[in-house]
């Protein structure tokens, strides 16, 4: 979009090693507002519905190249298109069986399990023990009175540029875990550096210790290089919601070579642009001369799309998600529900993705 270079981030930038004052807010330009096609009706926040055929941004129509509304009849296709990993993850496990389609909804869940239940779920996989204390419980999975917490994640490989929209409801009661819709990668760059790990877009992370606060975080991460080591900068914005996150609402991310825009219910809530003036201004208080930008601020390699229920009630994560209380999750399953997910794009972004090594097929009818 032509105005990208004229705008700046509407977020507060921060990292573990620099602290930057938030830039002044910018006016949201009309060309960034989303308009679903006429047949779409999103009045209900409780009933399932179908995604729009197209979404207009400014004067451009974005058409679907991939969609999934998680119908039971298409469950086999869903399981083929997406990875559901079983692996040790932070203070817990991601477990395949905790991600499933039921009643035409994708469920990404977390729940406390006994050691024997977890052993059955991981099906003999040789996984390392999760981080030691798990909120104060240092027992091992083999102990007869062990209670651990399982999480879940869904991944889709290798997408680059476009508008990514998901309709999500988040039923989260217990502290110590958070639900997220995010983009991350492990692809090697043309220079050979593992920059996929340095870039990340978090469309939403529902992580508040007090769930009644009704906030989600939208964050962009990009790489820089400090003397003697590589690192990255994070720009995040906490967004206060006017509704219960347990209701269905649309969450979207627009990713182009020049900008990342975060949306809730079709309205832009956080803007991030590849504007070098912003970069220099934001880092001036942190001795910009000692920092070297080594890559673009906007990722130009494919990223994985994730829906996840992360567990991490230890260390720094206590301040992020709350201290994990296993008892809270023994009798209930906290659930991130996805009604549908669609990737929309344009001819221009198709061409940009193709130049980056990702080719999309024909637009869907």
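The values are calculated or read from the model by the stated rules, or taken from the named source; none is laboratory data. The model shown is predicted, which means the values in this text are computed figures rather than measured ones. Counting neighbours? That spans all protein chains shown, and the Cβs are built from the backbone with ideal geometry, glycine included.
Could you grab me the full set of residues in the range 97-121 that are crowded, with 19+ Cβ neighbours inside 10 Å and free of Cβ contacts under 8 Å to residues at least 40 places away in the same chain? Once the filter is applied, which keeps residues that are crowded, with 19+ Cβ neighbours inside 10 Å and free of Cβ contacts under 8 Å to residues at least 40 places away in the same chain, the range 97-121 yields 101, 113, 118.
The residues in the range 293-305 that are surrounded by 22 or more Cβ atoms within 10 Å (Cβ to Cβ) and at pLDDT 80 or above can be counted, and the count is 3. Annotation: of all residues in the range 193-214 being over 18 Å from residue 255 (Cβ atoms) and under 15 Å from the mean Cα position of the chain (by Cα), the one that is modelled with the lowest pLDDT is 207.
For the range 126-144, the count of residues that are at pLDDT 90 or above, part of a helix (DSSP H, G or I) and out of contact with any strand residue (DSSP E or B) (no Cβ under 8 Å at 6 or more places or on another chain) is zero.
Within the range 53-76, if we keep just the residues that are touching a residue at least 60 places away in the same chain (Cβ under 8 Å) and within 12 Å of residue 34 (Cβ to Cβ), the residue that is surrounded by the fewest Cβ atoms within 10 Å (Cβ to Cβ) turns out to be 61. Does any residue of the range 322-341 turn out to be farther than 16 Å from residue 207 by Cβ, assigned to a loop (DSSP other than H, G, I, E, B), free of Cβ contacts under 8 Å to residues at least 60 places away in the same chain and more than 22 Å from the chain's Cα centre (by Cα)? Yes: one or more hits.
Does residue 85 count as closer than 23 Å to residue 336 by Cα and either surrounded by fewer than 19 Cβ atoms within 10 Å (Cβ to Cβ) or touching a helix residue (DSSP H, G or I) at 6+ places or on another chain (Cβ under 9 Å) (or both)? Yes, satisfied.
Residue-by-condition table, conditions (1) farther than 22 Å from residue 255 by Cβ; (2) in contact with a strand residue (DSSP E or B) (Cβ under 6 Å, 6 or more places away or on another chain):
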| residue | (1), (2) |
| --- | --- |
| 35 | no, yes |
| 81 | no, no |
| 85 | yes, yes |
| 103 | yes, no |
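Does residue 308 fit the bill of being modelled with pLDDT of 80 or more, within 18 Å of residue 109 (Cα to Cα) and assigned to a loop (DSSP other than H, G, I, E, B)? Criteria not met by residue 308. Looking only at the range 314-334, decide whether some residue is crowded, with 16+ Cβ neighbours inside 10 Å and closer than 22 Å to residue 156 by Cβ. No; the residues of the range 314-334 include none that is crowded, with 16+ Cβ neighbours inside 10 Å and closer than 22 Å to residue 156 by Cβ.
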